[in-house]
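The structure under discussion appears below in the form of structure tokens.
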């Protein structure tokens, strides 16, 4: 037709856009997504009817799961795991992307679940994707509202999770197992592991730890690290208290790099769970068999970096440290909105953390190990 403007429609480039004032609603300005005039007019009529239904009868417009996924990704760009969420949405899209939100439930998700399991994915991995669906539907039913105050979804259905029958249990190390493993680690990983097992920090908190986050505590002649929330899994500032072992590790690497506390060949370590870790645990398993004359437990044979955090938590509990204090030392969410502590409070936290490195001689196997490593 050659015309670039019609009642309620305006052509921009090749695509028709809605540009229409609707009484009681205001201006409706959005793309029809089509370069075909008839299709654009049908879309305009559909949107006008949806608005009329919503304003007069309180009827929600039909929105697809794909629209909800886009909204979620746009609103949560600062989330630490947003890339993982985007991957799950991409995996889910062929199964439920075109479905209306009120059509997403266990039944329509069954094909996705079945095919993911058949492809060898673990139930825990499938559950992470299902949790993304659950979170999206809950937001659509409770938070997201249109111009008329209507939520995107009337009620969020219950999305069932798969039973985790094959989930690996945490494996806290014994002192003897720690000695066997740490002796086999390369020097830089040994220091990081010692720090981790004495602070309860996560892999990335150790790998990305920066000197700029160190806070001196002159009253106690020590320091701690305050990790900004955007680098922490739960997005809350993380106070890392240093016991005797952790402090010695930090002092040993002080001055080696201008920015990062732990490095290898002048660069930060991407992850502790690397070839060096895997080779060391294999050698440690062999030494376990040779020195203790029995096969190593499966948990020790496949010890994970995250098990060091569990080890710290288990030792704190065994030392009689209260649950509230353990949560602070492990960086768990406590409901306390502040990460600022007085000197007496910090002294109490340090004392609690030191309980896991107290032995008859005043030295732990961990301390002995790092001193031996330093003189090689």
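Any read-out appearing in this document is the output of simple, stated calculations on the displayed coordinates, not a laboratory observation. Bear in mind that the values here come from a model prediction, so they are computed numbers and not experimental data. FYI the Cβ positions are ideal-geometry reconstructions off the backbone, even for glycines, and counts take in every protein chain you see.
Once label points are set 7 Å from the Cα along Cα→Cβ at both residue 158 and residue 121, what is their separation, rounded to one decimal in nm?
2.3
Report the Stokes-Einstein translational diffusion coefficient (µm² s⁻¹, integer) for the chain, Rh taken as the Kirkwood radius over Cα pairs, at 37 °C with viscosity 0.692 mPa s.
131
Specify whether the C-alpha gyration tensor of the range 118-200 places it in the rounded, prolate or oblate class, a ≥ b ≥ c being the square roots of the eigenvalues: rounded for a/c under 1.5, otherwise prolate if a/b is larger than b/c and oblate if not.
prolate
Using only alpha carbon pairs under 8 Å that are at least six residues apart, calculate the relative contact order of the chain and give it in whole percent.
That works out to 14 percent.
Mind running the shape call on the range 186-292? Use the C-alpha gyration tensor, a ≥ b ≥ c as the square roots of the eigenvalues: rounded below 1.5 for a/c, prolate if a/b tops b/c, oblate otherwise.
prolate
Any idea what angle helix 365-374 forms with the longest principal axis of the chain, computed on alpha-carbon atoms, 0 to 90 degrees, nearest 10?
Tilt of helix 365-374: around 80 degrees.
Roughly what angle does helix 187-197 make with the longest principal axis of the chain, taking Cα atoms, 0 to 90 degrees, to the nearest 10?
So the helix axis and the longest Cα principal axis differ by about 80 degrees.
Say each of residue 221 and residue 67 gets a label point 7 Å from the Cα, pointing the same way as Cα to Cβ; how far apart are those two points in nm?
If labels sit at residue 221 and residue 67, their model points lie 6.7 nm apart.
On a 0 to 90° scale, report how tilted helix 275-292 is relative to the longest principal axis of the chain, with both axes built from alpha carbons and the result rounded to the nearest 10.
Taking the Cα atoms of the chain, the angle to 275-292 is about 40 degrees.
Once you sort the root eigenvalues of the Cα gyration tensor of the range 65-142 as a ≥ b ≥ c, which label holds: rounded (a/c under 1.5), prolate (a/b larger than b/c) or oblate (the other case)?
It is oblate, given that a/c is not under 1.5 and a/b is not larger than b/c.
222 nm [θ] for the chain, helices only, -39500 (n - 2.57) per DSSP H run of 4+, per residue, to 500?
-14500 deg cm²/dmol
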